[in-house]
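These notes concern the structure reproduced below.
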Amino acid sequence: MHRQREMRHAWETFLGRGETPAGMPPALVASWVRSRALGVNASRREAPLSTEPEIYRRRSGSSALLAAARPALSRSGLFLAEASSMMILTDASGFIVETAGDPRIVDNGRRNHLETGGRWEESVIGTNAIGTALVDGKPTEIRGAAHFCEDVQRWTCAATPVRHPLDGDILGVVDISGPLAHFNPQSLALAVSIGQEIEATLGQAARAEHELLLRSFVSKRAIWLSEDILVIDRRGFVVHAAENARRRLDADPDGFRSELRQFIGSARQETWEENCRRRFPNASLEIVQSEGDAIGCLIVMHRPRSRSPTSQPKEAVEPVIGFGSILGESAAIDEVRMRARKLGANNLPVLIEGETGVGKELFARAIKSSGPVADGPFVPLNCGGMPRDLIASELFGYAKGAFTGADTNGRAGRIEQADGGVLCLDEIGEMPLDLQSYLLRVLEDGIVYRIGDPVGRHVDIRILSMTNRDLSAEVEAGRFRRDLYYRIAAARLRIPPLRERREDIATLARSFAARAAERLNKPAPTFAPALLEHLIAHPWPGNARELRNVVDAMVTLAENDRLELPDLPPELAQGPAAVAHSAPPVAATLPASKANLRAAERAAILAQVEACGGNLTEAAKRLGIARSTLYLRLAEYRSAAPKGH
């Protein structure tokens, strides 16, 4: 160590005079000069260490890199275990996302924050293998005194950048580190070998994703025969372009591709559609997912259509829902309403359980409206409705400049927004296991840390959670934290499915019909007794939501003010109840009625698609049907059209 100090002192003396020390490589000289110019304190003992939400966000953002590196990390835990070394994986900024190897060395690294969450960019910790490899863009070895900060000189480190095989962008760094006394001359070769292995794995994954994107394009091409389509991967690269879109690319290859990289590749997935709409006003964007992860998108360049002037959008007003808004007089729903009223009177965390479509959020809003925080905000978050890397920033918020594409002023997360009110976590069972510990800490301490912000903010919230899973079974299976389960389920409320409260179906159907008619400026329809009997007999796997969608469709397509059996959607019309109540006169007219129904359905669908300017997402929303159903209907209409049209 004495010799290390002497060497360092000599280097500093030479550099102070603007001279290059003998035997000091030019790249190392340049790194030391940068470190001095950036004002790095040589006596600094440790790199900055980020908070847990920031660690989660960074790891989620590097999920593809981590997945590709997982085999090497697993092997490192074995072959480095007795080699006094560890493997380190960072993202493109030098943020450590994973370590593996000799447990003693991994533990020893915490002294300098050479651990998950440590930030080893050259600008904050000076010359080091990770940060310098990122700046120079090539394999780098830094031994002992060559480190800029004195306490880090006890390490010897060899690092190599990992680049994306398609564009060469640096995604992160593989580093092999160990104590100076155990220097291994093969460390740099090992790091380079692992880096090449990761790059090859990333290349295979990219090719597989491109194949999925092209399959999605082929499956949708029939729907947009007259439109230009771009197939874009998650990094903003053009995988395929239709003929007219290709001409646009060829006219300005660099500028157009650069724009795509910016508003797709460099942006968070939740902003893709907005960015696309801003750049291409007549375009729509379809996100393509694989195993819940967005792997790219299809951009459809619609032909301009005339549009009627639209009024300024109105600010959304949070609906106030009380227990009187929950319809039904069955014993099952009465019992649940009574229990929910009692739970609403205090601030206990409540776990609301039930199948999809039973009305869990209605009960959550009613509990909030009847409790001590009735005047506070109601902030919902669907834990299963967004990619993993977005959940942390949505839940905790982020500080100014926390990541690329972040709001310049930072943003409060849902937890902060719910301060003084209710945070309603839907599909809580879908929350990633590694994020659950962060949420638990907030619930226990009442303090939330925005991503990238070391300052905590006190919050006072009530938690209402919803799930269609058996969370107790998820706990036993190790997919949900036991301590978080007990924290959110101080009380449990099970909402019965519609098949357990069939006596409420007629009431619900009439209510849904009246609302649908009001939206369409039509008189509220009546129901034929045979139709009501059929609705009551149906199993309704989608519960009240499915019933509402069916009734909405019937009211929209009905030709008069009385709904009959023939008005049922085809998939429901063939049920046992329909057969039981099919008298001969009705059976004789059924084919013609079905033909009329299909014609009316076709007219309504095409009219909405035209009214929405070809925006299929909006058209499906207005029609009250799934987007996939709309695609299938349009494909049927095109295939049935006469040739030449």
Toy charge model, Lys and Arg Cβ at +1, Asp and Glu Cβ at -1: the stretch 337-446 dipole around Cα centroid in debye, rounded to 20, equals 460
Restricting attention to the alpha-carbon atoms of the stretch 114-159, what are Rg (one decimal) and Dmax (integer), both in Å? 9.6, 25
Quick one: what Rg and Dmax do you get for the stretch 11-164 from the alpha carbons, in Å? 15.6, 48
Of 487, 104, 339, which has the most accessible area and how do the rest follow, probe 1.4 Å? 104, 339, 487
Which of rounded, prolate, oblate describes the stretch 154-225, given a ≥ b ≥ c as roots of the alpha-carbon gyration tensor eigenvalues and a/c under 1.5 marking rounded, otherwise prolate only if a/b is larger than b/c? prolate
Mean separation of Cα contacts under 8 Å (at least 6 apart) over the residue count of the stretch 334-375, i.e. the relative contact order in percent, is 48
Can you compute the radius of gyration and Dmax for the stretch 78-135, using only the Cα atoms, both in Å? 11.3, 33
Net charge dipole size for the stretch 416-550 [Lys, Arg +1 and Asp, Glu -1 on Cβ; Debye, nearest 20]: 480
Choose one of 432, 452, 421: the residue whose Cα lies farthest towards the positive end of the charge dipole of the stretch 419-463 (beta-carbon charges +1 Lys, Arg; -1 Asp, Glu; about the Cα centre). 452
Taking only the alpha-carbon positions of the stretch 433-498 and ignoring solvent, what does the Debye formula give for the base-10 log of I(q)/I(0) at q = 0.14, 0.20 Å⁻¹? -0.51, -0.90
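Suppose accessible area is computed on protein heavy atoms with a 1.4 Å probe; arrange 534, 240 from highest to lowest.
240, 534
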With a 1.4 Å probe and all protein chains kept in place, how do 398, 438 rank by accessible area, largest first? 438, 398
Using alpha carbon coordinates only, what is the Rg to Rh ratio of the stretch 413-453, with Rh defined as the Kirkwood radius? 0.94
The stretch 386-511, Kirkwood Rh and Cα Rg, ratio Rg/Rh at 1.07
Could the peptides 168-180, 118-130, 189-201 be put in order, highest first, of the mean number of other beta-carbon atoms found within 10 Å of their residues? 118-130, 168-180, 189-201
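The values are calculated or read from the model by the stated rules, or taken from the named source; none is laboratory data. Bear in mind that the values here come from a model prediction, so they are computed numbers and not experimental data. FYI the Cβ positions are ideal-geometry reconstructions off the backbone, even for glycines, and counts take in every protein chain you see. These accessible areas exclude ligands, DNA and RNA; they are computed on the full protein's heavy atoms, side chains included. Shrake-Rupley method; radii C 1.70, N 1.55, O 1.52, S 1.80 Å.
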